[in-house]
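Below is one structure, written out as structure tokens; the observations come after it.
The values are calculated or read from the model by the stated rules, or taken from the named source; none is laboratory data. These numbers were taken from a predicted model, which means no experiment stands behind them. Cβ placement follows ideal geometry from the backbone for every residue including glycine, while neighbour counts extend to all protein chains displayed. The area values use the complete protein model at the heavy-atom level, side chains included, leaving out ligands, DNA and RNA. Shrake-Rupley method; radii C 1.70, N 1.55, O 1.52, S 1.80 Å.
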Amino acid sequence: MRFGLGPLTMEVAAESKKQVDVMEEALEQAVTAEWWGFDSVWAGERHFTPDHFNSSSSVIGAALAQRTEFMRVGVMPVLGLVNAMYVAEEVACIDNIGNGRTIVAAQIPTENEAFGWGGSSSVDRALDDIEVLRKSWGPNPFSHHSEFHTIPMENPVHTQALGLDKISVQPKPAQLEMPLWVSGGDAAAEVARIAKIPYFAPAHLALPDLVDLYEGTQQEGGIVPLAREVFIAPTTERAYELASDAIAGLYQRLVRAGIAEGSLSFDELVRDRFIIGDADTCIEQLYRYERELGVNYVVARIAYHEMHHGETAKAIQLFGQAIVPEFRMFGLPDEIRKVV
Amino acid sequence: MADLEVGVGIWSLQSTKAGPRHFSYLYKELMEDAAFCDQFPTIKTIWQTEHHFWYDGYCPSLLTVAGGIAAATKRIRIGQAALLFSQHEALRVAQQAAVVDQLSGGRLDLGLALGYRDNEFDGFNIDRRSRRRRFEEGIQVVKSAFGQGGVDFQGREFSVPDVEVTPKPYQADVPIWVAAVGADPIKRAAKLGASIILSDALTLEQMRHHIDLYYTSAEELGVDVSKAKIGVLRRGWVAETDDEAYREALPSLRFLLREQLGGWRYLVDEQGEPVGFDRPKELDAAAHRLVSVHERTIGRPEKVVRGLREIAATGATHVIFGTRFDSLPRQKYLRSLELLATEVIPNI
């Protein structure tokens, strides 16, 4: 199993912390995660949220690609809102900053995002955007005429471009084939099935619902990614003490943004969504997702912006030392496992 | 004489026919250059430039790349000279600009231009004839998005319902610069009260004339431009001696003006008409005229100081010192920047 940090939300989580500092701390947390062996770090993206969640995974993705050296950088552009070539160009730039380390997990717009942009949350629109992304990143000049895109337009006034019926998005990404996942609820799972790309469930969805969502999305030998709220400390009691307010706070902000549902108690949320505890508890929970969904790539939030930066760094280290080896080091002898 | 700020640029990240590079090398070099400039408090701003669908990979996504620059630097301001605003969705520009400004702790200078190449508009399915309206409506969308409350804008080009763009920028008033290459755009910039970026194709006399026009237009329109900056792009290079500077920079400058800019109908003949490859003689003459203009900021530090003082005397308050030429040896390039920062700017 592989592990990522995030998705980093970067919202204003406490009055005492300015957003510029939240962002800088998040970049430092990415570097910490890289040091402790995480495979990736993820920049979240949501638009028009009352608590000021990051609205550009492209800008933050570029910053993460610049600060880190080896780990992959996950970006989560919301599709269905603008011409997909803007997204294609931005991702190609990020991929060149990181020398080929980008993963894209496209998101389906929320109701409010689609409203604000006059966009579409439909499966058809997401599939069309994905086709444009792939053509844009591919080696050949292309044209694309669909219900949602006209690339390129033909305009008799544009004399310089007369006769050019194709375009080439430049620059190309550094890597040969851009990893592309899709994140969200029912529509995202449907897109994953049709486009045959990995479905990446967001952290706020509960395990019983995930069984149906993942159904038919897993490809033989392919990546099966999942995002979860995760916090780890030396004891389960300490993990709750440090993180429960921060995770509950984030969840309330997700509810305010129209992303998560808000009627559940914290205990109910923990049961099938959050992974909070000591190493053994976290390992046991992760095995549960592996067993029931076939998950083999977990993006663990760990970074909650109302928490003290130092506590987050310690949790990232502990996760890297106590959890990652359990799932990555096949054949790890028990004697060594017990050392940490 | 007004104080003259100096920024450097303009980073285009092209892998050209004469100087092909892996794009990752170019982007890595930009981040290293940015960190290098960041050490010198005399260099105020690092400037980027944009085009789309161009064969040499000219950078298309300035605010995204600005995120990387922000992460690589602590002090230097980050500007666009310029983002081709009419080819973008204004609301997306506003969102990304706000995030860059937060991430950088308020270091964004948002530089906007109309854009002019047909096939860039075609690619995004935008009629080029709408570019002025898109620009003007787009500025309103951006300003509204940066303010408190919802946007709620109904125009012919953009329609945004009552949604609030978050995060907001770090700066209470993000500086907006408008690239102005002729009389109309200068008047437009004056109307908006925006700072301006004048083209590198101007003589000192033309520059003075454009700056006068900007202030006269603002006065006629009753717009307060007392805080606006007057920027100008000027190619330049600093070495220990004039001879070294000429040998290092002039061939690249000639190539840039003739092949890189000339072919795009960016240069003008003596009548002010655009020239392209279809009129090679006039193109050569136009490039030659410009080389002699820019030569005044190419040389040993004392000479470049004089060249910049001449520019300051026109009323310009910010020079974008354009040191990015194709295929230059890196050590000499960094040396030129260092001389600019330590021997030129402090002595202007």
Counting residues in chain A as N, plug N into 2.2 N^0.38 Å and put the Cα Rg over that result. 1.01
Ignoring everything but the protein chains, give the 1.4 Å probe accessible area of A:Cys282 in square angstrom, nearest 10. 0
Quantify, in whole percent, the carbon and sulfur part of the accessible surface of segment B:193-348 (1.4 Å probe; protein heavy atoms only). 49
Once amide H atoms are built 1.01 Å from N in the peptide plane, which residues 5 or more positions from B:Ile78, or in another chain, come under 5 Å H to H? B:Ile46, B:Leu108, B:Asp109
For A:Phe231, the residues 5 or more places away or on another chain with a placed amide H closer than 5 Å to its own amide H are A:Ile275, A:Ile276, A:Gly277
Can you tell me the dipole magnitude for segment A:21-84 around its Cα centre, using point charges on the Cβ only (Lys, Arg +1; Asp, Glu -1), in Debye to the nearest 20? 300
Pairs of Cα atoms under 8 Å, at least six residues apart: use those to get the relative contact order of chain A, whole percent. 20
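Decide, for segment A:262-340, between rounded, prolate and oblate: order the square roots of the alpha carbon gyration tensor eigenvalues as a ≥ b ≥ c, take rounded if a/c falls under 1.5, and otherwise choose prolate if a/b is larger than b/c, else oblate.
Oblate, since a/c reaches 1.5 and b/c is not below a/b.
Evaluate the charge dipole of the protein assembly as shown about its Cα centre and quote only its size in Debye, nearest 20, assuming +1 on the Cβ of each Lys and Arg and -1 on the Cβ of each Asp and Glu.
The calculation lands at about 1820 debye.
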Here the membrane-span-like helices of chain B, with no claim about any membrane, defined by DSSP H, Cα axial extent at least 24 Å and mean Kyte-Doolittle at least 0.5, are none
Report A:His309's accessible area, 1.4 Å probe, all protein chains in place, as a number in Å² to the nearest 10. 50
Nearest 5 percent is fine: what portion of the DSSP beta bridges confined to chain A is antiparallel? 10
At a Cα cut-off below 22 Å, give the lysines reachable from B:Lys332, other chains included and same-chain residues fewer than 8 away excluded. B:Lys17, B:Lys28, B:Lys44, B:Lys303
With a Förster radius of 51 Å, plug the Cβ-Cβ distance of A:Ala206 and B:Tyr55 into 1/(1 + (r/R0)^6) and report the FRET value to the nearest 0.05. 0.50
Amide H partners (placed H, <5 Å) of A:Leu8, local residues excluded: A:Trp42, A:Ala43, A:Gly44
Please find, in a Gaussian network model of chain A (springs between Cα atoms separated by less than 10 Å), the residue of A:Leu164, A:Leu269, A:Leu27 whose mean-square fluctuation is greatest. A:Leu164
Tell me, what ³J(HN,Hα) does each residue in segment A:264-276 have, in order and in whole Hz, if you take phi through Karplus 6.51 cos²θ - 1.76 cosθ + 1.60 with θ = phi - 60° and put x for Gly and Pro? 9, 6, 4, 4, 5, 5, 4, 3, 10, 10, 9, 10, 10
Calc'd 3J(HN,Hα), segment A:204-210, phi into Karplus 6.51 cos²θ - 1.76 cosθ + 1.60 (θ = phi - 60°), Hz, glycine/Pro = x, comes to 7, 8, 7, 3, x, 6, 5
Between segment B:68-97 and segment B:234-274, how far is it from one alpha carbon centroid to the other, in angstrom? 26
With springs only between Cα atoms under 10 Å, which of A:Ser265, A:Ser121, A:Ser40 fluctuates most in a Gaussian network model of chain A? A:Ser265
Would you work out which of B:Ile196, B:Pro301, B:Val275 lies farthest towards the positive end of the dipole of segment B:177-315, given +1 charges on the beta-carbon of Lys and Arg and -1 on that of Asp and Glu, about the Cα centre? B:Ile196
For the protein assembly as shown, calculated [θ]222 nm from helices alone, where every DSSP H run of n ≥ 4 adds -39500 (n - 2.57): -13000 deg cm²/dmol
From the backbone phi of segment A:49-66, what are the Karplus-calculated ³J(HN,Hα) couplings (6.51 cos²θ - 1.76 cosθ + 1.60, θ = phi - 60°) in whole Hz, Gly and Pro given as x? 8, x, 9, 6, 4, 3, 9, 9, 6, 5, 5, 6, x, 5, 5, 5, 5, 6
